Amino acid sequence: MKNCKGNYVKPANQLCAEVLETIDNLISEITDAHVLYKKCVVATPKPIDDATYGYYLAYFWMNNRMTRDALGIKGGTVGEWVRCKKELPYTQDMPSSIPYHLNLTTRGYRALVYSGDHDLQVPQLSTQAWIRSLNFSIGDDWRAWHLDGQAAGFTIT
């Protein structure tokens, strides 16, 4: 923070660049979508554990016609779903979805925002800052939600 002064994308000095390179090297050894998972576990019919078998089953579920119909995927628009696909056919980035989200929610559409605390791609602190930027009133303040008497996560409305 001291060397980068809030600019973590394009470092303005050598010390910041070196720190960011060190962080990138460390992070490269973990799965950034879920820090506790192995890097892009291969989907296999002979499961190593429950997660790998779930990935195997997800392939069939995501490529099922009924699933695609339920998700509103038009025939011929999306080919085979493959887990851990590295190349995506995007031609541009959307710098912020805040104006779109604000437009829809102020028109009465409801939204569920989910963010896990093991996700480095969209960390939950960034999600909280994004939600606060919408400046909505709080209906139900930050609290734990429970499943079978065990805290299973946190919620705010």
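The values are calculated or read from the model by the stated rules, or taken from the named source; none is laboratory data. Because the structure is a prediction, the values reported are computed rather than measured. Cβ sites come from the backbone with ideal geometry, for glycine too, and all protein chains shown count toward neighbours.
Structure summary
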quantity	calculated
All positions within the range 139-156 that are part of a loop (DSSP other than H, G, I, E, B) and surrounded by 10 or more Cβ atoms within 10 Å (Cβ to Cβ)	Trp142, Ile156
Criterion (at pLDDT below 85 and part of a loop (DSSP other than H, G, I, E, B)) met by exactly one of Lys38, Lys2	Lys38
Checking Arg83 against (1) modelled with pLDDT of 75 or more; (2) within 30 Å of Ile30 (Cβ to Cβ); (3) more than 21 Å from the chain's Cα centre (by Cα), the condition it does not meet	(3)
Any pair with Cβ under 9 angstrom, 6 or more apart, that starts in the range 1-29 at a residue that is under 17 Å from Gln121 (Cα atoms) and ends at one that is surrounded by 11 or more Cβ atoms within 10 Å (Cβ to Cβ) and of a type in the set (Ser, Thr, Tyr)	Leu20/Tyr8; Ile23/Tyr8
Hits in the range 5-30 (condition: in a helix (DSSP H, G or I), closer than 24 Å to Asp119 by Cβ and of a type outside the set (A, V, I, L, M, F, W, C))	Glu21, Thr22, Asp24, Asn25
For Tyr55: the one exception among (1) in contact with a helix residue (DSSP H, G or I) (Cβ under 7 Å, 6 or more places away or on another chain); (2) at pLDDT 75 or above; (3) not hydrophobic (A, V, I, L, M, F, W, C)	(1)
Only one of Ala129, Ala111 that is of a type in the set (Gly, Ala, Ser), modelled with pLDDT under 90, surrounded by fewer than 13 Cβ atoms within 10 Å (Cβ to Cβ) and part of a helix (DSSP H, G or I)	Ala129
Selection status of Asn103, surrounded by 13 or more Cβ atoms within 10 Å (Cβ to Cβ) and modelled with pLDDT of 80 or more	no
